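The values are calculated or read from the model by the stated rules, or taken from the named source; none is laboratory data. Please read these numbers as outputs of a predicted model, since none were measured by experiment. Cβ: placed from backbone, ideal geometry, glycine included. Neighbour counts: every protein chain shown. Protein only, heavy atoms only, side chains kept; ligands, DNA and RNA dropped before computing areas. Shrake-Rupley method; radii C 1.70, N 1.55, O 1.52, S 1.80 Å.
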Amino acid sequence: MKKLTLEYIQKRHFLKRGLLFLFLFTGFHYLLISVLEYQIMSQDLFMWRWKHQVADRQNKEGEIDYQILWIGDSRVLGAVNPTILSRETGKSMVNLAGGGMQFPAMYFLLKRYLKTHSKPEFVFLSQAPYAWNRHDEFFENQLKFAMSFSEYQELVPKTFFQRWNLLLQYPLFSLKSVYAFNPEFRGSFFKRGEHNREVERQMCENLGFRAWSDRQLQPSDSLELQWKFEPDPLSLEYCEKIFQLCQQEQIRIIYLSMPFPESRIQGLAAIQSSLLSEYSKTLKAFQKKYSFQLIEALEVRPDSEFSDFSHLNDLGSQNYSKSLVPKMIEWLKS
């Protein structure tokens, strides 16, 4: 009996020491990653975090109650410069778009913003047609960079059987696990920190806008013409939630599509792709239900203004933002 008691005590002590070690190691690891995050994390973390700091009033830009919010994916992030538009339209605005940001992430971001700010007059909303489809890497960005526990709880019942592997990694994301973040080391360890700090500086200087590149789209670049418009049910549900939220708060939504490069539009037409027609049908169905302002005209711009098949380059973003000014003045009046 004494022997069994001794074994039990030893096992209990071993378990306690093991749990204490795990707790201390996790805490040390969390602090270490927090100190070194600029050196090892992806630039997407800092772009997403800046937008959520605005929504949660955790940085200087978050102190302003903006009249116009731009919400969308990477095409909006790298195309719409609020500093140009605010100066010309006289409306205060901020670009809250993020790379790989899909409708669930946009909805939660807007909801956070409305909890801490006076409601804006307008929300400009945009999402590339192919980004309505299921993209687990985009969903993973939301889990890694921005999702609160209450938002996580809301999504689990809706997505567990489709994305259980990502959802189970959420505790690792929350603990800043290097493995879970998969920072994709590129170039010098020290230059990465320099780059990430520059990303944050640009976010602040340009109110959330950041040009992707000064590179020009080349004829040899892939145009990715085979994409289909097959919306993920989760995207459809949360797109509708955005419309419902804005209708409830009496905020006007203006939905528009970002520009396409000339060669890609020609390529889609040549293969008779249904991508754009199905995209248009879906938006019109939502418009009938929620009566938002839909800008149907699809803008086509020269290939020289794009850095790849989808994103405007530095020159393209400047030209596009300037070209938006007279259109925005009309849209805001209508």
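With respect to the chain, whose longest principal axis is taken over its alpha-carbon atoms, helix 314-333 is tilted by about 70°. For the stretch 36-93, the Kirkwood estimate of hydrodynamic radius, built from reciprocal distances between every pair of different alpha carbons, is 12.8 Å. With the highest mean first, a sort of the peptides 100-108, 308-316, 213-221 on other beta-carbon atoms found within 10 angstrom per residue produces 100-108, 308-316, 213-221. Solvent-accessible surface of the chain, taken per residue with a 1.4 Å probe and all protein chains present: 50 Å². Taking the protein heavy atoms of the stretch 49-159 in the context of the full set of protein chains, the accessible area attributed to carbon and sulfur is 47 percent at 1.4 Å. For the stretch 32-58 versus the stretch 230-279, the spacing of their alpha-carbon centroids is 28 Å. Computed from label points 7 Å out along Cα-Cβ, the spacing between Q53 and R87 is 2.4 nm.
Amide H to amide H distances under 5 Å link I253 with V123, Q293, where only residues 5 or more positions off or on other chains count and H is placed in the peptide plane.
Extension gain for the segment L6 to T116, taken as residue separation times 0.36 nm less the Cα-Cα distance, is 33.9 nm to one decimal. A simple spin-label model places pseudo-atoms 7 Å from Cα toward Cβ; at K327 and Q293 they are separated by 1.3 nm. A Gaussian network model of the chain, with springs between Cα atoms under 10 Å, assigns the largest mean-square fluctuation among L114, L155, L19 to L19. What lysines sit close enough to K176 to cross-link, taking a C-alpha to C-alpha distance under 22 Å and skipping anything fewer than 8 places away on the same chain? Leaving aside lysines fewer than 8 places away in the same chain, those within reach of K176 are K51, K144, K191. One decimal place: the segment D136-Q218 gains 26.7 nm when fully extended, by the rule 0.36 nm per residue minus the C-alpha distance. Note that the stretch 48-142 shows a convex hull volume over its alpha carbon atoms of 89 Å³ per residue. The calculated 222 nm mean residue ellipticity attributable to helices in the chain amounts to -19000 deg cm²/dmol, summing -39500 (n - 2.57) over DSSP H runs of n ≥ 4 and dividing by all residues. Using heavy atoms of the protein chains and a probe of 1.4 Å, the accessible area assigned to E205 is about 110 Å². The Kirkwood radius of the stretch 187-280, taken over pairs of alpha-carbon atoms, gives through the Stokes-Einstein law at 4 °C and 1.567 mPa s a diffusion coefficient of 73 µm² s⁻¹. Report, to the nearest 10°, how far helix 43-55 tilts away from the longest principal axis of the Cα atoms in the chain, using its own Cα long axis and a range of 0 to 90°. With both axes taken from Cα atoms, the answer is about 80 degrees.
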